[in-house]
Amino acid sequence: MSTMKTQIHYKVPVLYEDNSILVVSKPTGLVSVPDGYDMDAQNLVSVLEPKFGELWVVHRLDRETSGVIILARTEKAHRSLSIQFEERDVAKVYHAIVNGHPVWNERVISAPLRPDADRYHRTVVDHDNGKPATTKFRVMERFARGAHRYTLIEALPETGRTHQIRVHLMTLGSPVAVDALYGQKTPILLSMIKRNYRGDVDEEFGLLERLGLHAFQLSIFHPETGVEMRFEAPYPKDITATLNQLRKHALM
């Protein structure tokens, strides 16, 4: 019996490239680096290297998180970018669709985090053994239809801990939508937000069936020129479609 796995053809939009760096928009479902539990699984580097040559990983995005990610094309660029991330000279902006309506419009949370804290490999808030972690949040839009409430939030992480935004939002009582690890797995369906929905609920596909988190913007200093550069990753189709329907049927 064959044990070969079906390889998914991932389209990875290139946002910028030169001899030092490659900036792309990572699709959901693709891990950033080889998975320690499945070394044969596709990852962003293995998908890109056949076309762009050797690449060095500088930072990561969760498998289900989409959005902007930068890779180094030389060892020198890798060292420079790694130092920028370590010294927090990099500015990151995420957009998240969350469950519920926060009671705040802006909030800063500083809660130390400890990764891989249980058998599900979750990150937890740990005031004794966690590493410092701070995130700024701002409400962008609120949506409501009947009992279903969602909010589009901007997140600016000042640190880069594993699952930081997801855990901090859960701690604030507003978990990211469709987050099976820290919230609810329930997808966002059109029937939830459209009045007099006439489709077959039993056969309905979700507007959003994966983690509602997108790395929207990244700012770095170019490793060769020192010039500040800002990159933005447009929303993928599923987030765009979800927001369009929320704005059409459930905008407050």
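Some observations on this one:
- In order along the stretch 16-25, phi translates into HN-Hα couplings of 6, 8, 8, 6, 9, 9, 10, 10, 10, 9 Hz, rounded to whole numbers, per the Karplus curve 6.51 cos²θ - 1.76 cosθ + 1.60 with θ = phi - 60° and x for Gly and Pro.
- Cβ-based charge dipole, the stretch 14-249, positive-most Cα from T28, G173, M229: G173
- Couplings for the stretch 167-172, taken from phi via the Karplus curve 6.51 cos²θ - 1.76 cosθ + 1.60 with θ = phi - 60°, read 6, 5, 5, 4, 4, 7 Hz in order; Gly and Pro are left as x.
- Between K131 and L113, R114, the built amide H atoms are under 5 Å apart, and every one of these is 5 or more places off in sequence or on another chain.
- Loop chymotrypsin sites (Phe, Trp or Tyr not before Pro), the stretch 167-252 (other Cβ atoms within 10 Å of the site Cβ: 12 or fewer; DSSP): F205
- Whole-number percent relative contact order across the chain, with pairs defined as alpha carbons under 8 Å at least 6 apart: 19
- For M140, residues with placed amide H under 5 Å, excluding near neighbours: L152, I153, E154
- Degrees, to the nearest 10: 75-86 long Cα axis against longest axis of the chain: 50
- Backbone HN-Hα couplings from phi across the stretch 237-249 [Karplus 6.51/-1.76/1.60, Hz, Gly and Pro as x]: 4, 5, 6, 4, 5, 5, 5, 4, 6, 4, 5, 6, 10
- Looking at the chain alone, DSSP beta bridges between its own residues are antiparallel in about 95 percent of cases.
- Euclidean distance between Cα centres, the stretch 122-175 to the stretch 199-237, Å: 16
- Partners for K131 among aspartates and glutamates (Cα-Cα distance below 18 Å; same-chain residues under 8 apart left out): E86, E87, D116, D118, E158
- Taking every DSSP helix (H) stretch of at least 4 residues in the chain, weighting each as -39,500 (n - 2.57) and dividing the sum by the residue count yields a mean residue ellipticity at 222 nm of -5000 deg cm²/dmol.
- Straight-distance candidates among the lysines for linking to K51, with alpha-carbon spacing under 30 Å and chain neighbours fewer than 8 residues away dropped: K5, K11, K26, K76, K92, K237.
All of the numbers you see were taken from the coordinates with simple rules; none came from a lab. A quick note: this is a predicted structure, and the numbers were derived from the prediction, not measured. Cβ sites come from the backbone with ideal geometry, for glycine too, and all protein chains shown count toward neighbours.
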